[in-house]
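The values are calculated or read from the model by the stated rules, or taken from the named source; none is laboratory data. Because the structure is predicted, anything quoted here is derived from the model rather than measured. Note: ideal-geometry Cβ built from the backbone for every residue, glycine included; neighbour counts use all protein chains shown. Ligands, DNA and RNA are stripped out before the accessible areas are found, and what is left, the full protein with its side chains, is counted by its heavy atoms. Shrake-Rupley method; radii C 1.70, N 1.55, O 1.52, S 1.80 Å.
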Amino acid sequence: MAELRPLGDDLNDASRALAQALRELFEGLQVSVRRYAARRRLDPGTVSRYLNGTRLPPWQVISDLFADVAEHRGTAVTTEAIELVRGLYGSAVDAASSPKHAVELLEQQLADADRVSRRSTVRGDVLGDALLDRTQRIADLETRLHQLEADRISEQKRANELAAAHPEISGLIAERNELQQEVERLGTALREAQAQRAAAEGRCDLLERQLDAVEQAVTPVALPAAPQSMPKILIVDDQPDNLLAMTAVLATLDQELVTVSSGREALKALLDHDDFAVIIMDVQMPEMDGYETCAHIEVFSTKVIARRC
């Protein structure tokens, strides 16, 4: 990669071979030295020296590099590749004749070991505190459980003594349970009856309003001397009982009554008869309700008047 420094000029064969192998692994990651150093919390210059062979890296750095390559490729690094690099690493360590280099390597390894020790100590303290807390909670829970068990045994003993002293108590309890079930059934039946009554009251109010509208719209008129065709009344309702009731109420007017059970049938009736004086219509009907039917009737009436003119 462009950021990799050239291999050192005075490298021995073992260090050069190890550096070349590490460079090949690193180039497979396709990242910069600075980015990889940030990922592993390392100094970029140190990583660069590891890769150009001027500094022998700790084995943990090489192990992390294997792990990163495996994650990037999505496949594990083969055992043969690891053993090959391990052999090159051992040769490079043996060939490192510089005391200064050996000291640097040992210091690095000491720093790594110290870091692991400190992290382990902190984690051990945290885990120890958590373990102590859980142990105390377990002890508290066991104490409460023992107390509850003692209370249960005491209450069971008292219940047995009470049952022995009063044999009829079981019968009373059974009777109470039956009465509670009966109360629940009666409550359910009462709620159903109240719902039916509310629905019936609503229907009665609607019918009364419809009757008031009919009584206000239809006024008795004097019959002409000569027989003439009486205006018709169109009744629209999807409930047969309502049609029967309205027919019975309006039968005293001596006018022809036309009854239909839907909005579509009402429109068909208007095609057959154009002399309806009054239309009594239910609002709540399936498919086409009263409002939609009235809208169609209004459009239809406008077209009829225009055609006649």
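Between the amide H of residue 281 and those of 236, distances stay under 5 Å, these residues lying 5 or more places away or on another chain, with hydrogens modeled in the peptide plane.
The residues of the chain expose on average 71 square angstrom of accessible surface per residue, using a 1.4 Å probe on protein heavy atoms. The magnitude of the dipole of segment 165-208, with charges of +1 and -1 set on the Cβ of Lys/Arg and Asp/Glu and taken from the Cα centre, is near 80 debye.
Net charge in the neighbourhood of residue 276 (other residues with Cβ under 14 Å of its Cβ; Lys, Arg +1, Asp, Glu -1) is -4. In the chain, a dipole from Cβ-located charges (positive for Lys and Arg, negative for Asp and Glu) runs towards its positive end, and of 281, 189, 79 it is 79 whose Cα lies farthest in that direction. Sorting 128-135, 20-27 by their mean Cβ neighbour count within 10 Å, with the most densely packed peptide first, gives 20-27, 128-135. One way to sum up the overall shape of segment 15-55 is the equivalent ellipsoid from its Cα gyration tensor, whose semi-axes run 17, 12, 6 Å, largest first.
P(r) for the chain, from all Cα pairs and a bin width of 10 Å, is 4, 14, 12, 6, 5, 4, 5, 10, 14, 13, 8, 4, 1, 0, 0 %, short bins first. Per-residue extension of 0.36 nm, minus the Cα-Cα distance of residue 160 and residue 41, leaves a gain of 35.7 nm for this segment.
For segment 1-87, with all protein chains in place and a probe radius of 1.4 Å, 47% of the accessible heavy-atom surface sits on carbon or sulfur.
I'd like the Kirkwood hydrodynamic radius of segment 32-85, using the inverse of the mean 1/r over distinct C-alpha pairs, in Å.
With all distinct Cα pairs of segment 32-85 included, I get 11.9 Å.
What is the gain in length, in nm to one decimal, between residue 9 and residue 146 on full extension, counting 0.36 nm per residue of separation less the C-alpha to C-alpha distance? Please list the in-between numbers first.
Working: separation 137, 0.36 × 137 = 49.32 nm, distance 7.77 nm.
Extra length available between residue 9 and residue 146 comes to 41.6 nm.
The charge dipole of the chain, taken about its Cα centre with unit charges on the Cβ atoms of Lys, Arg (+1), Asp and Glu (-1) only, comes to about 1980 debye. Label zone of residue 178 (point 7 Å out along Cα→Cβ, amide N under 16 Å): in segment 139-168 this covers 168. The sum of -39500 (n - 2.57) across all DSSP H runs of n ≥ 4, divided by the residue count of the chain, sets its helix-only mean residue ellipticity at 222 nm to -24500 deg cm²/dmol. Within the chain, DSSP assigns beta bridges of which about 0% are antiparallel (rounded to the nearest 5).
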